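Undergrad: Let me give you the structure first, and then I'll get to my questions.
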Amino acid sequence: MSFEPEELSREEVQTKVEETIEDNDVALFMKGTALMPQCGYSRKAVGLIQQYRDDVETVNVLTATEAYREALSEYSGRETIPQTFVDGEFVGGSDILEQLDENGDLRATLNA
């Protein structure tokens, strides 16, 4: 018995991206989950956000990586993962979050 997630269709991914960005103050599209990030960049992004907020909505893009890249690029102009959105606006990946944190601006960016 396999525990691999079923591949989502492009339409399902598009809907998930739209609803997640619209319905959550802070949304993070990442590889893996908040409890089990599957790449260093995703681990860094979730860690930075959770310093200030514990209500971040995370989406594991590994269920349909290419479809998520395409859907997210429509919102952000980028295909890289992770991607963070605050109040519907694209903020950036782990590099941008890290810069904001170093500059003392991440708390305000996250509306925390």
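The values are calculated or read from the model by the stated rules, or taken from the named source; none is laboratory data. Keep in mind it's a predicted model, so treat the numbers as computed, not measured. When we count neighbours, we look across all protein chains shown, and the Cβ atoms used for this are built from the backbone with ideal geometry, even at glycine.
Undergrad: Do the conditions hold for VAL59, that is, is it within 13 Å of VAL17 (Cβ to Cβ), in contact with a strand residue (DSSP E or B) (Cβ under 6 Å, 6 or more places away or on another chain), among the aliphatic types (A, V, I, L, M) and crowded, with 17+ Cβ neighbours inside 10 Å?
TA: yes
Undergrad: Still on this structure, please answer the following. Being loosely packed, with under 13 Cβ neighbours inside 10 Å and part of a helix (DSSP H, G or I) is the filter here, so list the residues in the range 96-112 that pass it.
TA: Within the range 96-112, the subset loosely packed, with under 13 Cβ neighbours inside 10 Å is 99, 102-105, 108, 111.
If the condition is that a residue be loosely packed, with under 13 Cβ neighbours inside 10 Å and part of a helix (DSSP H, G or I), then GLN99, GLU102, ALA108 are the ones that fit.
Undergrad: While we're here: Collect the residues in the range 12-22 that are modelled with pLDDT of 95 or more and either of a type in the set (Asp, Glu) or in contact with a Pro (Cβ under 8 Å, 6 or more places away or on another chain) (or both), keeping them in residue-number order.
TA: Across the range 12-22, the qualifying residues are GLU18, GLU19, GLU22.
Undergrad: Identify, please: which residue in the range 17-31 is out of contact with any Gly (no Cβ under 7 Å at 6 or more places or on another chain) and surrounded by fewer than 18 Cβ atoms within 10 Å (Cβ to Cβ) and is, among those, farthest from GLU70 (Cα to Cα)?
TA: In this case the residue turns out to be ASP25.
Undergrad: Which is at positive phi and under 12 Å from the mean Cα position of the chain (by Cα), of GLY77, GLY93, GLY32?
TA: Answer to the selection: GLY32.
Undergrad: Could you list, in sequence order, the residues of the range 79-112 that are out of contact with any Phe, Trp or Tyr (no Cβ under 7 Å at 6 or more places or on another chain), at pLDDT below 95 and not polar (S, T, N, Q)?
TA: GLU79
Undergrad: Part of a helix (DSSP H, G or I), out of contact with any strand residue (DSSP E or B) (no Cβ under 9 Å at 6 or more places or on another chain) and of a type in the set (A, V, I, L, M, F, W, C), is that true of ALA45?
TA: no
Undergrad: Additional query: Could you tell me whether any residue of the range 35-56 is closer than 19 Å to LEU100 by Cβ, hydrophobic (A, V, I, L, M, F, W, C), free of Cβ contacts under 8 Å to residues at least 40 places away in the same chain and in contact with a Pro (Cβ under 9 Å, 6 or more places away or on another chain)?
TA: There is at least one residue in the range 35-56 that is closer than 19 Å to LEU100 by Cβ, hydrophobic (A, V, I, L, M, F, W, C), free of Cβ contacts under 8 Å to residues at least 40 places away in the same chain and in contact with a Pro (Cβ under 9 Å, 6 or more places away or on another chain).
Undergrad: In addition: Would you mind finding the one in ALA64, ALA71, ALA27, ALA34 that is under 18 Å from ASN111 (Cβ atoms) and of a type outside the set (Lys, Arg)?
TA: ALA27
Undergrad: Just a yes or no: is a residue in the range 71-80 surrounded by 13 or more Cβ atoms within 10 Å (Cβ to Cβ) and touching a residue at least 60 places away in the same chain (Cβ under 8 Å)?
TA: Scanning the range 71-80 turns up at least one residue that is surrounded by 13 or more Cβ atoms within 10 Å (Cβ to Cβ) and touching a residue at least 60 places away in the same chain (Cβ under 8 Å).
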